[in-house]
Every structure is written in structure tokens, then in C-alpha cells.
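Below: one structure, written as C-alpha cells.
The values are calculated or read from the model by the stated rules, or taken from the named source; none is laboratory data. Note that the structure is predicted; figures quoted are calculated from it, not measured. Methodologically, a virtual Cβ is constructed for each residue, glycine included, from the backbone with ideal geometry; neighbour enumeration extends over all protein chains shown. These accessible areas exclude ligands, DNA and RNA; they are computed on the full protein's heavy atoms, side chains included. Shrake-Rupley method; radii C 1.70, N 1.55, O 1.52, S 1.80 Å.
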Amino acid sequence: MKIETSPSVRRLSLLGALSLVLGISMAHEAASAASFYFNESSRLFALHAQNVSYIFGINERGELQAMHWGGRLADSDAIPAAQADRDHSSFELSTSTTPQEYPGWGAAFYGEPALKLSFPDGNRDLVLRYVSHRVESQRLLVQLKDISRDVRVELRYEMDAESGILARSARIENHTRQALVVQQAAAAAFSLPAADDYRLYSLSGQWAGEWNLDERRLAPGMTVLESRRGSTGHQHNPWFAIAQNVSNEESGPVWFGALAWSGSWRISVEQDSTHRLRITGGYNPFDFSYRLASGEALETPVFYAGYTQGGLGEASRLMHRFQVTHILPQSPQPRLRPVLYNSWEATQFDVDAAGQTKLAEMAAKIGVERFVMDDGWFGARNNDKAGLGDWTVNPKKFPNGLKPLIDTVKSLNMDFGLWVEPEMVNPDSDLYRRHPDWVLNFSGRPRTEGRNQLVLNLARADVRNHVFKMLDDLLTRNDIAFLKWDYNRNWSEPGWSAQKLEDQQKVYVAYVDNLYWILRRLRERHPKVEIESCSGGGGRVDLGILRLTDEVWPSDNTDPYDRLSIQDGFTYAYTPAVMMAWVTDSPNWLNQRSTSLEYRFLSSMQGSLGIGANLTHWNEPDFELARRLVGEYKAIRGTVQQGRLYRLISPRKGSQHSATQSVSNNGAQAVLFAFLHSSSTGSAYPRIQLRGLEAQARYHVRSIAGKAESGTPEEASGAYWMTRGINLDLKGDFRAAALVFDRAAQAK
Ligand code: DGJ
């Protein structure tokens, strides 16, 4: 595709006759196409979709300069050509304050660079200037080059027509005759105009306590969100949202973004002395060093970013829809998540053919569609001290292999899933005894263990090939529909001693590239197999891994009350379509809290429902309730998993109440979940006003669990439910209600 230009005045009329729309339409129900414009005389690039415009230009120095990222501009609006800032003083030079699209570290630049290089002659000065641009496969590609050395950077831009979410990345090419070292490489830098009321939202946590939504007011200085751990991490997730004082859950400007990278990453949010913001994200520069020989290139991960005027709620909904239609491996129409059973909390490592068969029979009775056997089925794996790496079926536990169990599971109309942790090894394993050199380590230095395990260095081709072959064989020999892919520690001593000294730090990139390579090839060879990304809970959830996995395990914390906040935080960044949630035993193993089976179900039904309880402890009424609720869930899961989520009442900050509502994409169904932590002074549950319904349509309400106050009409208009609302009859501790609103066939 060719980008067309308009010779014109130093102004860009966005939809004027002189600019040409390069219609880029997306495959699914996109309302209108994303479009690119380039105005040759003003030298401005513009990308537009839905309510979003993103504009940058080439300034008089030849730098790419950010001009506008925000609401869609009117057709008649004109933007002046890019003009670098003037020097504010000898301390605030134009080269540093001008908001560049991709600043190299060079000249007088004091902010966070997108790219920092070091050359063999000692030069570390990099000044990038515009060279050319083209459009290829629906992407705008802009070439930059250093002022004197033949180092080129290709910036890539692609805007989604339906959401206005922009995908940005960079390719760094060394066309000089000698090797150079990339010391820092971002996917993109985004700039926002000066303001004093920016608020940053981010997600932090720890094992069993992931997905806390943090909010902070930005002030001049740098806020860094990062992982230095080799993988995404529980501590911070590579997602951000920036709002202003007027913004809230329902309205106001929000800029948001997420990095598609499962290794060490960094997003820095910097407010400079002019009070402008710069958000830079990509590889974590900490301990980073990537040598590029002459003729070699380094590609960065993709940094996705969007804008809305609809508050944090709409920002999440845009992300959810984008993930479902563009990121997930089965996009644009991923299969709904089956109801699964997982054995981990019931049996831990104590798995065997008889016990798993019994659990499978019981799971089938309540309508489970997928039976997953967790850790403990292989090698000498009786606890977490041994066996990781030896992926052969334990003959004592499964004397006839996995086939009899899989056959039983299939005869019960479920498919079969299996737990693996392919990137790890226990020192007490045959694999480690054979290949002690295969783990990340620095020669002659101690090897720190976490959960008694070490990390295999997947950056090595032999390790990558071994892991791929092991999994390929496992999937070829057994009728497996699903892998739960676990990863239970972070890196330490990240040495790669078999590699040439100058290339050893490439481990940060090569490891993750090879992880993606394995996942991609497995999916190609076994297209029906689905994969869950788990890392001791939610330690590896990001848009990179989600391109290759169908679902994620958000947390090992399965307490249904804790889960309300965990799930709430999760949905700021990621879709409920991938958010697995199990119903487990009470009291909960982690915090000993006791809750009813109904409450546990309703908490888990807000995501992709699974059961992880020890079913051998259940009585007949438990099975009956579970059977009914699983049946109900199947009728609403399309809405809950892939519909539009409204966080009506937040469970955060110790609130007694919380509620969510999901509306199906065709508007025909809405599902309301409401939770009460504890009653005090007999107060009524706050009246809930629904959102996202059609005001004139009529909706019939019915209860899955709990009830509305007496006198509530069985049917009313969308306007009624959204403005007058609904009162729930909820009293007591850890109570919950779920109501379904079905749109009547004809509006009256
Ligand atoms: C950590 C996971 O998060 C758990 O669900 C379980 O699979 C264990 N690992 C097994 O070791």
C-alpha cells in the first residue's frame, strides 16, 4: 500500500480534499476504517479511528515531534506544522524539552531516551532524524537515521479501527561497518501536554496478592514501573492508565497502554520541568546490553496504547474488546472458556490414576467440560523438591500411563488438560544431573534456588529444542486438549556462559523470543490445544503471552472474597475472557475464611469458571447447587467472558459492597453480580443503577441467586433499570446475588 501525500500549505486539514484516506479496515464489525494521512507541506502524520486522533510531525530540525494524542479532531480543524520548543534557558534546551516520538540519547537530551547506543570508538551520541516513510501491511513505517552514522530506526504504527488503540514498536538496524551495543531500547515514547492534574494508575502485587490498583498524583520527576526478574512479574504489571482530575470510572480523559512483552520490562512515566508527560516503555535497560553486529537488527516488543473520554471503565472495555478481537490466539472470535476442573487444591502432589478418575467422575456430574490434572504426575515428583524436568509419567502413580485416565475423562464428555512447568528444573532430577550447564548461572558462582528449582536457560538453542520436543511428544502421544503452563520462580544469576562474552546479556531477549517460538510452534503443530499462562498465579500476564495463550491464572489466592478485589484489579487491564476463577474449598487454604458454596460460585462466575474443590468432600446438596449454577453459568458465560464490563461498585478500599455488570455485545443480555461483605446496623444494600442498556428496550429480570426487594417489577425499560435502578434483598456476611436481565423481543 502506498501512502499518498498532499502538496499544500503548512496546515493539515484532516479530512480535507487534499489529504487522502488510506482506508485500513479491520476484519470484524469495525464501524469505520482507521486512516492515515500525511501532509507533505506541513509534514504532519495523522492516524484516526473512532474517537481518537494521533498526530506527529517532522520539525525544522528533522526530529519526529509528538503533536496530539487524544480525542478525534473535527474535519475542519487544522494543526500547525511541528515546531521545536525554543530554548527556555541554557539549562532547559530545546533538544531536551521538545516532545520527540523516539528520542535517541544524544545532543543535549536529559529525559528518558527511547534508544541509547554505544559505538566501538567510544561515541555514545545518537541524534535521530526523519528520512522517509511508507505504508506496508496496514502499518505506517517511518525511517529515522542518526545524523552521521548509518544507524537506522524504523518506527511502526498501526491503529485499530474499532478501538483507536495504537500499536507501536521499533526496529533498530546497524548499517555501520562495526558492531555497536544497544544499551536501552524502548518500543515507543508517548507524550502528553503540560498539565498539573495527571493521575497515574498502575497494578502492583505479590504472590497470592496480585492486581492491586494503585493511584498516584504525578509531579515532576520519574515514576518507574518495571520487572527486572526475567519475566513479567507479580509485583508490577506492564500496564498503565493516566487520568486527570475530571476523570473517574465513567467519564473523563484516560490514556492507557500495555506492553506485549513477557521478559524484563520497564514503563517510565516522566513529568518534565515543563510539566509535559512522557511515557516510555520497552525492554528494561537494567543489565541490558544487546550487541548488534554490522547488518544486524533488534526489534522491540509492541507497546499498545489507547485513549478515551469515557473514564477508566471505557478504557478497560476498549482493552477487553481489543484483546478478544486482536490479541488472543483465536481472535477475532475466541472460543468461550469451557468450565474446567483442576485437581491442585484437592490433591496437591498426591495424584494417581484412581484418585483422579474419581474426581473426574464427580466433576462430570456437575457439568464440567474440561478435567485438568495438575502437578505431581511425572518423574519423582511427590513434592516440590524433585522431578521437575523429567516429563515422563510416574509409573507408580499411573502404571498404565495417562491413557486410561484420558479415556475415562473423554468418555465422561470432558476433554483432558495437563499441568507442565517446562522452563524449570529441580537439581534433584535426571535432566539436571545430565545437563547442569543448562540452567541460568554464572560459572563458579552459587545458584539460588526458588521453590527448590532453577531456571533452564531457554535462550540456548539446545534447551529450546529440548523443551519443544518434550512438549511436542507429550501432545503427540496423548489426547491432550489443554496445557496449564506454569512458571514458579523468577530469574537469578542470569548468566549464559556458553555464549560469547559480548553476547551473554542477550539472554533477556533471546529467552523470551524462544519461549514465544516454542509456544507458536506448538500451536501450529497442535492447533486444537489450548494453553493457560500461569506463573504461581498471575506472574506472567501480559499482551505478549496472551498472543499465544488462551487464558491465564490470575492468582493462587482462591478465597472468594479476596478474589473480588483481585478480579476487579485484573479487569482494569485484561479481559474476563481469559480470567480463570475456581470455586475451591471452605475454609479457604490461604486465609481460613469460611464462605458458602453459593458465594464462592458467584465470585468465580464473574470470570471463566473453574472448580478446584475436593469434590470427595461434597454432599448431595452441594452437587445439586453446583450442577444448577454451572448450568446457569453456561447460559451467561458469553456475556460475562466477552461482553462489556461495568464495574458498578468497587470492592477495593474495604468497601462492604461490590457489584459488576456485564452486557452482551448484541445488547440482549445483562448480568449483575452483587456482593455483600458484612451487614451493619441493618442498613439496606445500596440501590444499583445498571449501565449500558438500551433505554427504550424492555428487560425482563430473573435471579440466579439472591433476590431483588419485593415490589421490584419483573420487567421494565432499560431507562428504568439505569435510572431508578434495583434494590437487592441482601443481608448477612459474605452474601451474594446474581441477576440476569434479558431484553424482551420487541420494544414496547
Ligand atoms: C502454582 C500454580 O499457580 C498452582 O495453581 C499449581 O499449579 C502449583 N503451582 C503446582 O505446583
Residue check, S429 loosely packed, with under 14 Cβ neighbours inside 10 Å and either of a type in the set (G, A, S) or under 29 Å from the mean Cα position of the chain (by Cα) (or both): no
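Every residue in the stretch 688-715 that is in a strand (DSSP E or B) and surrounded by fewer than 17 Cβ atoms within 10 Å (Cβ to Cβ), please.
First pass over the stretch 688-715, keeping only residues in a strand (DSSP E or B): 688, 698-705, 708, 715.
The answer is H700, R702, S703, E715.
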Inter-residue pairs, beta-carbon under 9 Å, first under 11 Å from Y646 (Cα atoms) and of a type in the set (A, V, I, L, M) and in the stretch 307-321, second open to solvent by less than 20 Å² (accessible area, probe 1.4 Å) and at pLDDT below 95, 6+ apart: L312/S247
The stretch 363-372: number of residues that are open to solvent by less than 10 Å² (accessible area, probe 1.4 Å) and at positive phi: 0
Hits in the stretch 161-184 (condition: under 27 Å from the mean Cα position of the chain (by Cα) and either of a type in the set (S, T, N, Q) or closer than 19 Å to F240 by Cα (or both)): S163, G164, I165, L166, A167, R168, S169, Q183, Q184
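Residues checked against (1) out of contact with any strand residue (DSSP E or B) (no Cβ under 9 Å at 6 or more places or on another chain); (2) surrounded by fewer than 18 Cβ atoms within 10 Å (Cβ to Cβ); (3) assigned to a loop (DSSP other than H, G, I, E, B):
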| residue | (1), (2), (3) |
| --- | --- |
| S586 | yes, no, yes |
| Y599 | no, no, no |
| G610 | no, no, no |
| D622 | yes, yes, no |
| Q641 | no, no, no |
| Y646 | no, no, no |
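With respect to R199, is the statement that it is over 30 Å from R217 (Cα atoms) and of a type in the set (D, E, K, R) true? Full working, then the answer.
Numbers: over 30 Å from R217 (Cα atoms): no; of a type in the set (D, E, K, R): yes.
When the stated conditions are applied, R199 does not pass them.
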Complete set of residues in the stretch 604-627 that are of a type in the set (D, E, K, R) and over 20 Å from R563 (Cβ atoms): E620, E624, R627
From V507, V552, V541, residue being more than 13 Å from the ligand (Cβ to nearest atom) and of a type in the set (A, V, I, L, M): V507
Conditions (1) in contact (Cβ under 8 Å) with a residue 40 or more places away in the chain; (2) within 14 Å of the ligand (Cβ to nearest atom); (3) open to solvent by less than 10 Å² (accessible area, probe 1.4 Å): number failed by N490: (3)
Residue check for A258: in contact with a Lys or Arg (Cβ under 6 Å, 6 or more places away or on another chain), away from the ligand (no atom under 16 Å from the Cβ) and touching a residue at least 60 places away in the same chain (Cβ under 8 Å): no
Qualifying positions in the stretch 383-405 - within 16 Å of the ligand (Cβ to nearest atom) and within 19 Å of V529 (Cβ to Cβ): W391
Test: A459 is surrounded by fewer than 22 Cβ atoms within 10 Å (Cβ to Cβ), among the hydrophobic types (A, V, I, L, M, F, W, C) and outside any helix (DSSP H, G or I): no
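From the set of residues in the stretch 510-538 that are under 19 Å from W438 (Cβ atoms) and buried (at least 20 other Cβ atoms within 10 Å of the Cβ), which is nearest to the ligand (Cβ to nearest atom)? So that I can check it myself, show each step before the final result.
Of the stretch 510-538, the ones under 19 Å from W438 (Cβ atoms) are 510-515, 517-518.
Adding the requirement that they be buried (at least 20 other Cβ atoms within 10 Å of the Cβ) leaves 510-512, 514-515, 518.
Numbers: A510: 26, Y511: 20, V512: 20, N514: 22, L515: 18, I518: 19 Å.
If we take residues in the stretch 510-538 being under 19 Å from W438 (Cβ atoms) and buried (at least 20 other Cβ atoms within 10 Å of the Cβ), then L515 is nearest to the ligand (Cβ to nearest atom).
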Residues (open to solvent by less than 10 Å² (accessible area, probe 1.4 Å) and part of a helix (DSSP H, G or I)) located in the stretch 373-411: L405, I406, V409
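Here is a check on your reading of the model: is T408 at pLDDT 95 or above, more than 16 Å from the ligand (Cβ to nearest atom) and farther than 24 Å from K634 by Cβ? Don't jump to the end; show me each part of the working.
Values: at pLDDT 95 or above: yes; more than 16 Å from the ligand (Cβ to nearest atom): yes; farther than 24 Å from K634 by Cβ: no.
Criteria not met by T408.
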When residues of the stretch 242-276 are limited to those that are part of a strand (DSSP E or B) and either out of contact with any Phe, Trp or Tyr (no Cβ under 8 Å at 6 or more places or on another chain) or among the charged types (D, E, K, R) (or both), the one surrounded by the fewest Cβ atoms within 10 Å (Cβ to Cβ): G252
Among residues of the stretch 726-748, those that are farther than 30 Å from R593 by Cβ and either of a type outside the set (A, V, I, L, M) or in contact with a Gly (Cβ under 6 Å, 6 or more places away or on another chain) (or both), counted: 5
Residues satisfying the stated conditions in the stretch 374-400, i.e. closer than 13 Å to Q356 by Cα and in contact (Cβ under 8 Å) with a residue 60 or more places away in the chain: D374, D375
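With the condition kept exactly as written, say whether any residue in the stretch 454-462 is within 16 Å of the ligand (Cβ to nearest atom) and either in contact with a His (Cβ under 8 Å, 6 or more places away or on another chain) or of a type in the set (A, V, I, L, M, F, W, C) (or both). Spell out the reasoning first.
Start the filter on the stretch 454-462 by keeping residues that are within 16 Å of the ligand (Cβ to nearest atom), which leaves 454-455.
Narrowing further to those that are either in contact with a His (Cβ under 8 Å, 6 or more places away or on another chain) or of a type in the set (A, V, I, L, M, F, W, C) (or both): 454-455.
Yes.
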Failed item, numbered, when A305 is tested on (1) open to solvent by 10 Å² or more (accessible area, probe 1.4 Å); (2) closer than 29 Å to Q505 by Cα: (1)
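For the stretch 64-176, please list each of the strands (runs of 3 or more DSSP E) lying entirely inside it that holds at least 3 residues being surrounded by fewer than 17 Cβ atoms within 10 Å (Cβ to Cβ) and at pLDDT 95 or above.
Values: elements: 64-71, 78-80, 115-118, 128-136, 139-146, 151-159, 166-174.
It comes to 128-136.
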Y720, sole failed condition from (1) at pLDDT below 95; (2) within 25 Å of G311 (Cβ to Cβ); (3) more than 31 Å from the chain's Cα centre (by Cα): (1)
